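Engineer: Take a look at the following structure, please.
The values are calculated or read from the model by the stated rules, or taken from the named source; none is laboratory data. In this text the structure is predicted, and so the values were computed from the model without any measurement. Backbone-built Cβ (ideal geometry, glycine too); neighbour counts: all protein chains shown.
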Amino acid sequence: MEAVNVINHTKQEISFEKILVVGLGQLGLPVAKYVKERGFDVYGYDNNQLVMESAEKQHGIKRLENFKEIDVFLICISTHREDDISSPQIDGLMAIIRKIAKEATNGKLVSIESTVPRGTTRKMFEILEHRFHVVHAPHRWFALEEEIHGVNQQRVIGGVCDCCLRTGIRFYDGVDSEEKTDLEFYTGMKSYRSLGIPMYSVSTVEIAELSKIVENADRYLQIAFAEDLYMFCKANHISFAELRDAVNTKWNVNILEPRDGIGGHCIPKDTRMFLESSEIKSKILIAAQEVDKDYRKYIEGIVKDINKLNH
Ligand SMILES: NC(=O)c1ccc[n+]([C@@H]2O[C@H](COP(=O)([O-])OP(=O)(O)OC[C@H]3O[C@@H](n4cnc5c(N)ncnc54)[C@H](O)[C@@H]3O)[C@@H](O)[C@H]2O)c1
Ligand SMILES: [Zn+2]
Ligand SMILES: [Zn+2]
């Protein structure tokens, strides 16, 4: 690594003015709107022109002219294959990182908010040669409960290097204990303009990456158990609903409902990211994937039977 490229670790502070949200989909659009509400100068970048146009016209997210002027890059692009939503893919992410490496101004902050497999953020940090601060702040935004689980709920953050983490926390949370200014000391006011999101910092960027995919793998497991139990009940002529209600009266048990199988572009894909993050695979998750496959076949069969009856 060329010393001349690396960020000066002594005291180089970014002022956070111009923020770019890359990827304005399900996650990126609410992020951009939130950052705008917080008073920042917000720009958007999406390779889908229709998405970009609608963000611009309907939400006032400005189209980006030049990467050079941006202080913070918030990367919210998809990390699944276009033709298979449960397959992880980070090619688009890599392309954006290369573009930042080429076109942006050294010393700025790059935050990966998309969900990524273990090791991805460090790879990006290496491409950027630490000319930029790099953090991973995986998102927990939940479409169905945007009011309570929206953009500003508590999140995990990790940096590849301490200076990156410090800069990230300063931008997201505004709290930076090592650099408290007199203003904050005397008035209790946050000294930096920030997103005002409570961040839970971890000591390595890999823990931040794993925290997100383990979170969703845990959810996968819970749903798969519900599916398993449902099929058990059907095979043994037992009411699943009644059994579930009875078991859930215990304070520390919460059996879920199985519904239509484990879908969407987050939980199955993130569970695969977790499985692919190690040579030694989690046996219980592999079994859970099998259960989900069986359950889908099972409900497909029921739907077919119902259709037959209706004919
Ligand atoms: N949607 C959620 O509820 C949610 C919650 C937490 C985390 N996440 C994670 O956030 C990330 C984004 O998810 P999403 O739901 O917003 O996906 P999405 O498919 O709705 O949106 C992604 C957007 O990124 C754009 N994009 C893709 N590649 C690009 C590129 N190379 N350059 C510019 N733009 C590009 C697409 O055009 C699209 O508009 C994923 O990693 C996902 O796992 C999503
Ligand atoms: Zn550093
Ligand atoms: Zn740094």
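Engineer: Quick check on region 215-226. Is at least one of its residues surrounded by 15 or more Cβ atoms within 10 Å (Cβ to Cβ), under 30 Å from Lys123 (Cα atoms) and touching a strand residue (DSSP E or B) at 6+ places or on another chain (Cβ under 8 Å)?
Structural biologist: no
Every residue, every condition in (1) out of contact with any Leu (no Cβ under 8 Å at 6 or more places or on another chain); (2) β-branched (Val, Ile, Thr); (3) surrounded by fewer than 15 Cβ atoms within 10 Å (Cβ to Cβ); (4) at pLDDT below 95, yes or no:
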| position | (1), (2), (3), (4) |
| --- | --- |
| Val4 | yes, yes, yes, yes |
| Ser15 | yes, no, yes, yes |
| Glu37 | yes, no, yes, yes |
| Tyr43 | no, no, no, no |
| Lys57 | yes, no, yes, no |
| Lys68 | yes, no, yes, no |
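Engineer: Would you mind finding the one in Asp294, Asp270 that is among the acidic types (Asp, Glu) and farther than 26 Å from Arg140 by Cα?
Structural biologist: Working: Asp270 fails: farther than 26 Å from Arg140 by Cα.
Among Asp294, Asp270, only Asp294 is among the acidic types (Asp, Glu) and farther than 26 Å from Arg140 by Cα.
Engineer: Give the residues of region 124-148 that are within 16 Å of ligand 2 (Cβ to nearest atom), part of a loop (DSSP other than H, G, I, E, B) and either in contact (Cβ under 8 Å) with a residue 60 or more places away in the chain or surrounded by fewer than 21 Cβ atoms within 10 Å (Cβ to Cβ) (or both), sorted by residue number. Steps first, please.
Structural biologist: To start, the set of residues in region 124-148 that are within 16 Å of ligand 2 (Cβ to nearest atom) comprises 124-136.
With part of a loop (DSSP other than H, G, I, E, B) added as a condition, the list becomes 128-132.
Hits for region 124-148 are Glu129, His130, Arg131, Phe132.
Engineer: Contact list please: Cβ distance under 6 Å, first residue in region 197-221 and farther than 21 Å from Ile267 by Cβ, second residue of a type in the set (A, V, I, L, M, F, W, C) and assigned to a loop (DSSP other than H, G, I, E, B), pairs at least six apart or on different chains.
Structural biologist: Val205/Val160
Engineer: Looking only at residues in region 70-101 that are within 23 Å of Ile262 (Cβ to Cβ) and small (Gly, Ala, Ser), which one is nearest to ligand 2 (Cβ to nearest atom)?
Structural biologist: Step by step, filter region 70-101, then rank; the result is Ser78.
Engineer: Within region 91-115, restricting attention to residues that are buried (at least 22 other Cβ atoms within 10 Å of the Cβ) and more than 8 Å from ligand 1 (Cβ to nearest atom), which residue is nearest to Ile77 (Cα to Cα)?
Structural biologist: Ile112
Engineer: Among the residues of region 149-183, which ones are assigned to a loop (DSSP other than H, G, I, E, B) and modelled with pLDDT of 85 or more? Write out each step before concluding.
Structural biologist: The initial filter retains those residues of region 149-183 that are assigned to a loop (DSSP other than H, G, I, E, B), namely 149-154, 160-161, 173-176, 180-181.
Once the filter is applied, which keeps residues that are assigned to a loop (DSSP other than H, G, I, E, B) and modelled with pLDDT of 85 or more, region 149-183 yields His149, Gly150, Val151, Asn152, Gln153, Gln154, Val160, Cys161, Asp173, Gly174.
Matching residues to (1) in contact with a Phe, Trp or Tyr (Cβ under 8 Å, 6 or more places away or on another chain); (2) closer than 24 Å to Ser277 by Cα; (3) more than 16 Å from ligand 3 (Cβ to nearest atom):
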| residue | (1), (2), (3) |
| --- | --- |
| Ile90 | no, yes, yes |
| Arg98 | no, yes, yes |
| Ser111 | yes, yes, no |
| Ser114 | no, yes, yes |
| Glu126 | no, yes, no |
| Arg131 | no, no, no |
| His136 | no, yes, no |
| Asn152 | yes, no, yes |
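Engineer: Assess whether Gly168 counts as being closer than 14 Å to Ser111 by Cβ and without any contact (Cβ under 8 Å) to a residue 60 or more places away in the chain. So that I can check it myself, show each step before the final result.
Structural biologist: On the way: closer than 14 Å to Ser111 by Cβ: yes; without any contact (Cβ under 8 Å) to a residue 60 or more places away in the chain: yes.
So Gly168 fits the description; yes.
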